[in-house]
Amino acid sequence: MAALLSLGVGLLGRGLLGCPRAASCSSICSGIRRLSLDKSPLSPPKRPLNAYLRYVVEQQQILFKQKPDIRVVERTKWIAQAWRQLTADQKQPYEIAANDGKEKYKLELATFKAQLTPAELDVLKENKRHKLAKRKSMRQKRKLTMLGKPKRPRTAFNIFMAENFDDAKGPTSTAKLKYLQDEWHQLSDTQKQMYKQLAEDDKIRYRNEIKSWEEQMIETGHEDVIRAKKKKRLRRLPRKKAKSKQTVSQTASTDAKASKPTSTSKTGKEVKSIKKPEE
């Protein structure tokens, strides 16, 4: 590392003194900066590839040489199908390499953690938690897209921006957005009313579509992707049904008791007719 830094400083010095292109100096500086960042104390060793990914990397290189025009999606499908057709003996070299990489990774990770302070370990755990949460969020978004979740309703300004973005002034998207924001604020309430009405119509569209979509998700066993409010309503339904059944059963039992004929009590005449046996 020290040798690389000294080499970079030497190149930088020669560039400052005699290089007519100042851009090369900035590129050298950025390269040195990347080298220093790559060796930061909180950069843990990378996880090793499993057996299948090792096979993918190998076959990607072979397919790229044999069929350079093949699309990435088709290449991935072909490799996945070829992997499923391999026998256990054919997969064994990749699995052995994956296990060796896993053992090496465990040793490197233990050595890496032993060099960190408690504060750095806390930062490392927080970074890992953040990465896992980000991956979970991305997987959830992909799943919702695959399941065809309806798009959320647009606001009045979103509709205005979509209609006028191409004609907006500005060299970049950020400049165009700033221009449209200024134009929106200058519109009168009457001019904004049309976009507000379109936004209200879009809300109605979303409510109808999301209700139908969530019912479909429940029927197909994807309750985990529906809204939290909908889940609460679903949890209340069994309780309400149980209470209603209990109420119906109690009412039926009460009616049955009321309709049951009671034993006739003896009238006064019958009592009088009963004579006491003589002693």
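If only one of Glu183, Glu120 is open to solvent by less than 70 Å² (accessible area, probe 1.4 Å), of a type in the set (Asp, Glu) and without any contact (Cβ under 8 Å) to a residue 40 or more places away in the chain, which one is it?
Glu183
Give the residue, chosen from Tyr206, Tyr195, that is in contact with a Ser or Thr (Cβ under 9 Å, 6 or more places away or on another chain), surrounded by 10 or more Cβ atoms within 10 Å (Cβ to Cβ) and either touching a residue at least 40 places away in the same chain (Cβ under 8 Å) or not basic (Lys, Arg) (or both).
Checking each option against the conditions leaves just Tyr195.
Give me the residue from the stretch 147-169 that is surrounded by 15 or more Cβ atoms within 10 Å (Cβ to Cβ) and among the basic types (Lys, Arg) and, out of that set, modelled with the lowest pLDDT.
This residue is Lys149.
Just name the residue that is modelled with the lowest pLDDT out of those in the stretch 63-83 that are open to solvent by less than 70 Å² (accessible area, probe 1.4 Å) and out of contact with any helix residue (DSSP H, G or I) (no Cβ under 6 Å at 6 or more places or on another chain).
It comes out as Ile70.
Run Ala133 past the list (1) under 16 Å from the mean Cα position of the chain (by Cα); (2) closer than 25 Å to Glu209 by Cβ; (3) open to solvent by less than 80 Å² (accessible area, probe 1.4 Å) and report the number of the one that doesn't hold.
(2)
Which of the residues that make up the stretch 102-117 are open to solvent by 60 Å² or more (accessible area, probe 1.4 Å) and either of a type in the set (Lys, Arg) or touching a Lys or Arg at 6+ places or on another chain (Cβ under 7 Å) (or both)?
Lys102, Lys104, Lys106, Lys113 - these are the residues of the stretch 102-117 that are open to solvent by 60 Å² or more (accessible area, probe 1.4 Å) and either of a type in the set (Lys, Arg) or touching a Lys or Arg at 6+ places or on another chain (Cβ under 7 Å) (or both).
Does Ala168 satisfy the criteria of being among the small types (Gly, Ala, Ser) and assigned to a helix (DSSP H, G or I)?
No, not satisfied.
Looking at (1) surrounded by fewer than 11 Cβ atoms within 10 Å (Cβ to Cβ); (2) at pLDDT 90 or above, find the lone condition where Pro20 falls short.
(2)
The values are calculated or read from the model by the stated rules, or taken from the named source; none is laboratory data. Bear in mind that the values here come from a model prediction, so they are computed numbers and not experimental data. No Cβ is skipped: glycine too gets one built from the backbone with ideal geometry, and neighbour counts run over all protein chains shown. Heavy atoms of the whole protein, side chains included, go into the accessibility calculation; ligands, DNA and RNA do not. Shrake-Rupley method; radii C 1.70, N 1.55, O 1.52, S 1.80 Å.
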